[in-house]
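*Asks:* Handing you a structure now.
Every number in this text was worked out from the coordinates using simple rules, so none of it is lab data. Just so we're clear, the structure is a prediction, and the values are computed from it rather than from any experiment. Here the Cβ positions follow ideal geometry from the backbone for every residue, glycine too, while neighbour counts run over all protein chains shown.
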Amino acid sequence: MRARNPEVGGSNPLTRIYFSGKMKKIFIKTYGCSFNQADSENMAGLLVKSQRYRLVDSEGDADVVIINSCTVKNKAENKFWRDLKNIKKTKILAGCVPQAERDKSKFERFSVIGSNQINSVVEVVDETLSGNTVQLFKKESTGRLNIPKVRKNSIVEIVPINEGCLGSCNFCATKFSRGHLVSYQPEEIVSHIRNALNDGAKEIWLTSQDTACYGYDIGTTIVALLKKIFEMKRGFKVRLGMGNPDFLPDYLDELIEVFKDKRMFKFLHIPLQAGSDNVLKKMKRNYTAETFVKIIEKFRAVHPDITIATDIIVGYPGETREDFLETLRILEKTRPDVMNISRFWARPGTVAAKKKQLPTLEIKNRSIELTKLYHRIARENNRKWIGWRGEIIIDEQGKEGSLVGRNYAYKPVIVEGHFNIGEEIEVDVKKVTSFDLRAQVI
């Protein structure tokens, strides 16, 4: 195979797309966050628009598999390497793993779509099927808004509002891929949302590596963006993606006020990572545990039913038993509804990877202890919803023929019946689990 950069020219791809008189079939396999999902939806849209490729729902049916990877957790990255070995179809790599990897020679046999090059997906597929290896790693903001898209969920529009962040956490490898903060212009975001609403979207998910620092590079804030979005007099819901605690205090009162809009899901994803200031300092997280507590207390004072989601890293290098108990104490105090618990695993190239690691068994035991706490708190929190009657929007298929809807606090509500995705129904919550509410349709 011959490696080339499509930016320097090449033959007309329209002459080499029908290799057997049939349109080639593409499967996009996606790992990781909603930002990655949005990238996959954009790549799918561009491929469909080209009218040269057909999307399929499985690896087995595909001629080409695009693997859109994630480097946040070891589990997701391990799946990427396993796919690289086990998938026997033509493979094109995308996402954070190849972009963040220092040793690019690991991918020398594969075409790569860098995390900032998704707009080139059609040309990369063209070249790959012509026997060329194309690798696009250049870090430049080519934009992710107002381009063709095929939504995985017909009513959910995932809207990237910025890429990169202002942090420099000692454990994070995503920074190697996504880079420094680049915020998209508010007008482009609003235009994108308006087009999505015209196309049938009912839920707008604002996503990025850190929504809390949105706009700091272009002289605005997430509050100003939300206000601009809500100037549209349309019926839709907005879910705000993860935002770090270090920036939220800058505009906290204004954000709490914006959350009063009925179109705003009462849902806040704010990562704690550790309840010990000692560990937070080691992580290079620029806030204290008390900052996290105060943010949640202020939100709940105005929005008592708000769903709080948080992220915790267990077993960070240097975390003592006393540090871990501090994390448990903070979680008991703040009682988040959702806890995304990760056992620490050193990401190559990070500062944390060079530190002395805790024993694996100790990390495992702490994770088990924390998970038990989470299940108890979550179930206790959910019990207050028993007897609640109200409206939910059906937004996905559940297990064994059930449906999953969301109420105003973005609580997952499981119901039985025959309803369409996007349909709004009245329900009565009868019982709960640690993860969801179970309801009857009124």
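*Asks:* Quick check: the distance between the Cα centres of region 209-281 and region 66-97, to the nearest angstrom?
*Replies:* 31
*Asks:* Testing the spin-label approximation: label points 7 Å from Cα along Cα→Cβ at F419 and S434. State their distance in nm.
*Replies:* That separation, rounded to one decimal, is 2.6 nm.
*Asks:* For S154 paired with E188, estimate the spin-label separation in nm (one decimal), with each label point 7 Å from Cα along the Cα-to-Cβ line.
*Replies:* Placing both labels 7 Å along Cα→Cβ, they lie 3.0 nm apart.
*Asks:* Pop the C-beta distance of K354 and K281 into the FRET formula with R0 = 22 Å and round what comes out to the nearest 0.05.
*Replies:* Details: r = 17 Å, r/R0 = 0.75.
With R0 = 22 Å, the Cβ-Cβ based efficiency is 0.85.
*Asks:* How large is the Kirkwood hydrodynamic radius of region 156-383, counting all unique pairs of alpha carbons, in Å? Show your work: numbers first, answer last.
*Replies:* Numbers: mean 1/r = 0.0539 Å⁻¹.
By the Kirkwood definition, the hydrodynamic radius is 18.6 Å.
*Asks:* What is the dipole size for region 2-136, taken about its Cα centre, with +1 at each Lys and Arg Cβ and -1 at each Asp and Glu Cβ, in debye to the nearest 20? Don't skip to the answer; put the middle values down first.
*Replies:* Numbers: 22 positive and 15 negative charges, 81 e Å.
Charge dipole of region 2-136: 400 debye, to the nearest 20.
*Asks:* For region 94-154, with equal point scatterers placed on the C-alpha atoms only and solvent neglected, what are the log10 I(q)/I(0) values from the Debye formula at q = 0.13 1/Å, to two decimals?
*Replies:* -0.39
*Asks:* Of the options V125, F110, A38, report the single residue whose Cα projects farthest towards the positive end of the charge dipole of region 2-136 (beta-carbon charges: Lys, Arg +1; Asp, Glu -1).
*Replies:* F110
*Asks:* Please state, as a whole number in µm²/s, the translational diffusion coefficient that the Stokes-Einstein equation yields for region 389-441 at 37 °C and 0.692 mPa s, with Rh defined as the Kirkwood radius across alpha carbon pairs. Intermediate results must be reported in sequence, preceding the final value.
*Replies:* Working: Rh = 10.6 Å.
My calculation gives 309 µm²/s for D.
*Asks:* Report, in whole Å, the centroid distance computed from the Cα atoms of region 313-347 and region 394-414.
*Replies:* A separation of 29 Å, based on Cα centres.
*Asks:* OK, next. Near the amide H of S111, under 5 Å away, which other amide H atoms are found, from residues 5 or more places off or on another chain, if H is placed in the peptide plane?
*Replies:* Amide H neighbours of S111: L93, V134.
*Asks:* Which ³J(HN,Hα) values, rounded to whole Hz and listed in residue order, are derived for region 226-232 from phi using the Karplus coefficients 6.51, -1.76 and 1.60 in 6.51 cos²θ - 1.76 cosθ + 1.60 with θ = phi - 60°, glycine and proline given as x?
*Replies:* Each residue of region 226-232 in turn: 4, 4, 5, 4, 6, 5, 6 Hz.
*Asks:* Quote to one decimal, in nm, the extra length available between K139 and D103 on full extension: 0.36 nm per residue of separation minus the C-alpha distance between them.
*Replies:* Numbers: separation 36, 0.36 × 36 = 12.96 nm, distance 1.64 nm.
The K139-D103 span can extend by a further 11.3 nm.
*Asks:* Then there's this: Note the count of lysine pairs whose C-alpha atoms are less than 18 angstrom apart in region 2-136, limited to pairs 8 or more residues apart or on different chains.
*Replies:* Value for region 2-136: 27.
*Asks:* Tell me the Kirkwood hydrodynamic radius of region 20-173 in angstroms, computed as one over the mean inverse distance between distinct C-alpha pairs.
*Replies:* 15.9
*Asks:* Subtracting the Cα-Cα distance from 0.36 nm times the residue separation, let me have the gained length for N198 to R321 in nm, one decimal. Mind dumping the intermediate values first?
*Replies:* Values: separation 123, 0.36 × 123 = 44.28 nm, distance 5.32 nm.
Extra length from N198 to R321 when fully extended: 39.0 nm.
*Asks:* Let me ask something else. From the phi angles alone, apply the Karplus equation (6.51, -1.76, 1.60; θ = phi - 60°) to region 367-381 and give each ³J(HN,Hα) in whole Hz, x where the residue is Gly or Pro.
*Replies:* With coefficients 6.51, -1.76 and 1.60, one gets 5, 4, 4, 5, 5, 4, 4, 4, 4, 5, 4, 4, 5, 4, 4 Hz.
*Asks:* For the pair F230 and I87, what calculated FRET efficiency results from E = 1/(1 + (r/R0)^6), where r is the Cβ-Cβ distance and R0 = 41 Å, to the nearest 0.05? Write out the running numbers ahead of the final one.
*Replies:* Numbers: r = 44 Å, r/R0 = 1.07.
Efficiency, from the Cβ-Cβ distance: 0.40.
*Asks:* Sequence-distant or interchain residues sharing an amide H contact under 5 Å with I158, placed H: which?
*Replies:* W205
*Asks:* When only alpha-carbon atoms are used, what values of Rg and Dmax, in angstrom, describe the chain?
*Replies:* When restricted to the Cα atoms of the chain, Rg and Dmax are 22.5, 67 Å.
*Asks:* Extending each Cα 7 Å along its Cβ direction at K399 and N146, get the distance between those two points in nm, one decimal.
*Replies:* Modelled inter-label distance: 4.3 nm.
*Asks:* Find, among the GluC sites (Glu not before Pro) in region 225-297, those assigned to loop by DSSP (not H, G, I, E, B) with at most 14 other beta-carbon atoms within 10 angstrom.
*Replies:* Values: sites: E231, E254, E257, E290, E297; in loops: E231.
Sites meeting the loop and neighbour criteria: E231.
*Asks:* Show me, for region 339-347, the HN-Hα J-couplings you get by feeding each phi into the Karplus relation (A = 6.51, B = -1.76, C = 1.60, θ = phi - 60°), rounded to Hz, glycine and proline as x.
*Replies:* 10, 8, 9, 10, 6, 4, 9, 4, 8
*Asks:* Between E391 and I341, how high is the FRET efficiency from 1/(1 + (r/R0)^6) when r is the Cβ-Cβ distance and R₀ = 51 Å? Nearest 0.05.
*Replies:* Working: r = 31 Å, r/R0 = 0.62.
Computed FRET efficiency for E391 and I341: 0.95.
*Asks:* Among I87, I363, T307, whose Cα sits farthest toward the positive end of the charge dipole of the chain (+1 at Cβ of Lys/Arg, -1 at Cβ of Asp/Glu, about the Cα centre)?
*Replies:* Farthest towards the positive end: I87.
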